[in-house]
Amino acid sequence: MSTISDEELFTYAERIKGKVVVITGAANGIGKRTAQVFAKYGAKIVIGDLDVDGAGATVAESIKAGGEAVSQRCDVLNWDDQVSLFELAMNTYGAVDVVIPNAGVTEMGIFNRVEFKNGKPIKPKTTTLEVNLLGALYTAHLALYYLKVGSVPGSLKAIIFMASMSSWQAIPGGTMYSAAKHGVLGVMRSLDPILALDGIRTNAIHPWFADTAIVPTIMRLAIAGIPLTPVDRIAGAFFYAATDPDMNTSGSPLLLPDDGPVFRLDKEELREGVYGLVNARTAMLTKGISSLKLFIGFVIDLLRVVRGNKGFLIMFSVTASLALSRVPVISQWIRK
């Protein structure tokens, strides 16, 4: 585990200048401050939120901070709204570089108590699970496409998820919130080896409770006397995760368990037994796919050069078959 000081959070600030950041739920709280921090260092911010007035205020403050910004109404559970948000980014700024699925709500309804109507159990309210997990999945799914549009190899590209300490430590009475945040961590870890093939980094930010409106009064009473995580530090963690150029740290959770510094957890701590076997197989498959992509690119480029030369094409096809059979990672994976 590595400690990241407040000063280190902005080590790579120059990388964000002129980049386009799409963020949901930035009308207030952590999302609002995160948008302002990115704008301060010259980013172009695209905000989607149900709170139109609040989002507009964040736009004005982001511009004042030194960046550019636009916003529009967006219900993260409405697929068309999310598509429209990404299209706003493309039409306004011509690119999408960083995506932050931040929109979220606190526990709504009481999952642990079964309620009845006309003597029969009624379906629980699942808004919390849907907004915090399904909404984030919609955003991430769109990012898989829009981050690659017009992308230049080696450029800054990232998806940074809003997770929680409840991704690790479940909250009694917060069943759906805990389930959603456990899910967000799983989504990030699953996407990391796939995104890495295209040079897109991903991380999840896991703060303890912060002083924002999402924390209900009853929870504030329950945690009275326990230090809250500073909102500015959480925003800084998002910034660091997006701008860090080291792809080896992609896929790592960034933890903010109290009012202390940010901790980066080395990814994939579980290495024993079946976990080790799965990790090894995943790494081998990822390397195999990467090698195959490079080989296919080489074939396409060479075919453009030799198009029309039948003798050379025959010789090349034989050579290519032999070369492919000698790619060790692919051949090992096929044998297994």
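The values are calculated or read from the model by the stated rules, or taken from the named source; none is laboratory data. For clarity, every value in this text was computed on a predicted model and none was experimentally measured. All Cβ positions, even for glycine, are placed from backbone atoms using ideal geometry, and neighbour counts span all protein chains on display.
I want to confirm something. Restricting to region 14-70 and keeping residues that are touching an Asp or Glu at 6+ places or on another chain (Cβ under 8 Å) and surrounded by fewer than 19 Cβ atoms within 10 Å (Cβ to Cβ), which single residue is nearest to F209 (Cα to Cα)?
Looking at the filtered set, the residue picked out is N28.
Which one is farthest from Y240 (Cα to Cα), of the residues in region 42-70 that are within 20 Å of the chain's Cα centre (by Cα) and not charged (D, E, K, R)?
If we take residues in region 42-70 being within 20 Å of the chain's Cα centre (by Cα) and not charged (D, E, K, R), then G48 is farthest from Y240 (Cα to Cα).
Scan region 96-142 for residues that are in a strand (DSSP E or B) and under 30 Å from K19 (Cβ atoms) and jot them down.
V98, V99, I100
Considering only residues of region 143-183 that are under 19 Å from V262 (Cα atoms) and assigned to a helix (DSSP H, G or I), which is modelled with the highest pLDDT?
K181
Name every residue in region 25-79 that is under 12 Å from A89 (Cβ atoms) and not aliphatic (A, V, I, L, M), in order of residue number.
K44, G48, E68, S71, Q72, C74
Going residue by residue through region 86-97, is there one that turns out to be over 24 Å from G154 (Cα atoms) and touching a strand residue (DSSP E or B) at 6+ places or on another chain (Cβ under 9 Å)?
So far as region 86-97 goes, yes, one or more of its residues are over 24 Å from G154 (Cα atoms) and touching a strand residue (DSSP E or B) at 6+ places or on another chain (Cβ under 9 Å).
Got a sec? Which strands (runs of 3 or more DSSP E) wholly within region 1-61 have at least 1 residues that are at pLDDT below 95?
Because the criterion is at least 1 residues that are at pLDDT below 95, the strands (runs of 3 or more DSSP E) in region 1-61 that meet it are 2-4.
Do we have K40 as closer than 16 Å to A235 by Cα, free of Cβ contacts under 8 Å to residues at least 60 places away in the same chain and not small (G, A, S) here?
Yes: the conditions hold for K40.
Using beta carbons and a limit of 6 Å, which pairs, at least six apart or on different chains, have the first residue in region 88-103 and in the same structural domain as G154 (by TED's automatic domain parsing) and the second one surrounded by fewer than 24 Cβ atoms within 10 Å (Cβ to Cβ) and of a type in the set (V, I, T)?
A89/V20; T92/V70; Y93/V20; A95/V20; V96/V20; D97/V20
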